[in-house]
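As structure tokens, the structure follows; a few thoughts come after it.
The values are calculated or read from the model by the stated rules, or taken from the named source; none is laboratory data. Model, not experiment: these values are computed from the prediction. Positions of Cβ are generated from backbone atoms using ideal geometry, with glycine treated the same way; all protein chains shown enter the neighbour counts. Note: accessible area is taken over every heavy atom of the protein model, side chains too, but ligands, DNA and RNA are not part of it. Shrake-Rupley method; radii C 1.70, N 1.55, O 1.52, S 1.80 Å.
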Amino acid sequence: MPDCILCATPGGTVLWNSPLLRVIDASDPVYPGTTRVVLNQHVAEMTDLDEADQQRVMRAVLCVERVMRDTLGPDKINLAALGNMVAHLHWHIIPRWKNDPHFPQAIWAALPESTPDGQEAQRARRAGTMASLPRFHQILADALTHTMT
């Protein structure tokens with residue numbers, strides 16, 4: 001679909017690709033490590049897929065979650081398939097830490113105020129996560145290749 005951003009662009013840095021889907025680094029500056037699983041065809045909902053493709057998509061989402069937990073060590077992971085703004089099937093896999101700016105609220109909630117100490121802790125955590133991203137991306141690509149074939 002020509003007016004769909006996820007049809008017209010990769011949507012981020014492609015970490016792994018197959019005929020069915022791609023896995024991208026969403027390049028979120030506040031939540032580094034945020035990853036998306038994006039369908040390579042334009043459909044809006046999981047129920048638009050046949051059961052085998054639904055299972056493949058979920059296998060990819062769960063693989064990203066597992067590698068994210070093992071590699072980045074977040075306190076929690078949020079999975080979301082909203083599509084309200086972009087009606088193209090995609091899943092957000094978002095690492096969350098107890099000291100992130102929105103915790104325990106959703107990352108789309110209004111940003112609460114933070115103390116200077118809290119802001120410094122968030123900066124240090126983001127820097128550590130950013131340093132771990134190359135390793136995360138490599139392990140993830142290897143795991144997806146193994147899991148999805």
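Numerical summary
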{"item": "Under the Karplus curve 6.51 cos²θ - 1.76 cosθ + 1.60, θ = phi - 60°, whole-Hz ³J(HN,Hα) for region 144-149, x wherever Gly or Pro sits", "result": "5, 4, 5, 6, 8, 10"}
{"item": "The chain: Cys lacking any partner C-beta under 4.7 angstrom", "result": "C63"}
{"item": "Interchain or long-range residues, amide H under 5 Å from N40's placed H", "result": "L21, R22"}
{"item": "For the chain, the longest site-free run once GluC sites (Glu not before Pro) in DSSP loop states with at most 12 other Cβ atoms within 10 Å are removed", "result": "46-112"}
{"item": "Accessible solvent surface per residue of region 20-149, calculated while the other protein chains remain in place, 1.4 angstrom probe, Å²", "result": "53"}
{"item": "Entry for Cα Rg over 2.2 N^0.38 Å (calculated from the structure that is shown) out of (1) 1.00; (2) 1.07; (3) 0.95", "result": "(2)"}
{"item": "Portion, in percent, of the accessible area of the chain that falls on carbon or sulfur, probe 1.4 Å", "result": "54"}
{"item": "Most to least accessible of S114, S27 (protein chains only, probe 1.4 Å)", "result": "S27, S114"}
{"item": "Charge sum, other residues only, whose C-beta stays under 12 Å from V14's C-beta, Lys/Arg counted +1 and Asp/Glu -1", "result": "+1"}
{"item": "Probe 1.4 Å, all protein chains present, accessible-area order of T149, T115, largest first", "result": "T149, T115"}
{"item": "Accessible area, probe 1.4 Å, largest first, for residues M58, M130", "result": "M130, M58"}
{"item": "Within the chain, helix-based [θ] at 222 nm, where runs of 4 or more DSSP H residues each add -39,500 (n - 2.57), nearest 500", "result": "-13500 deg cm²/dmol"}
{"item": "Relative contact order of the chain, pairs being alpha-carbon contacts under 8 Å that are 6 or more residues apart, as %", "result": "25"}
